[in-house]
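Notes follow once the structure below has been shown.
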Amino acid sequence: MFSILGTLFVGLIVGLIARALKPGDDKLGWIMTSILGVAGSFVASTVGALLGWYRPGQAAGWIASVLGAMALLLLYSLIKKKD
């Protein structure tokens, strides 16, 4: 239970950092920000494990998580721009 809450809290922080670092105006609420933050951390962990930077199941660091969240924010803004 606490690991899920901790993951969501870290995801929220990572999402907020990624939104602050990414230029442009993203109209996202805090729920979508935390979802993209958690997903960015997952993406960073998966890519890092595939590249041999992390062991399978090991969580990514803060910097990699923020970079993963920024990549997802960029992808999200490109998809929303097409609509």
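Side notes on the structure shown:
- Residues that are part of a loop (DSSP other than H, G, I, E, B), exposed (fewer than 11 other Cβ atoms within 10 Å of the Cβ) and either among the acidic types (Asp, Glu) or at pLDDT below 80 (or both) are absent from region 42-51 altogether.
- Scanning region 23-41 for residues being surrounded by fewer than 16 Cβ atoms within 10 Å (Cβ to Cβ) and outside any helix (DSSP H, G or I) gives a total of 5.
- Scanning region 54-76 for residues that are among the polar types (S, T, N, Q) and surrounded by 15 or more Cβ atoms within 10 Å (Cβ to Cβ) yields one hit, SER65.
- Residues that are within 18 Å of GLY11 (Cβ to Cβ) and in contact with a helix residue (DSSP H, G or I) (Cβ under 7 Å, 6 or more places away or on another chain) within region 36-57 comprise LEU36, GLY37, VAL38, ALA39, GLY40, SER41, VAL43, ALA44, GLY48, TYR54, listed in sequence order.
The values are calculated or read from the model by the stated rules, or taken from the named source; none is laboratory data. None of these values were measured; they are calculated from a predicted model. As a convention, Cβ positions derive from the backbone with ideal geometry for all residues, glycine included, and neighbour counts pool all protein chains shown.
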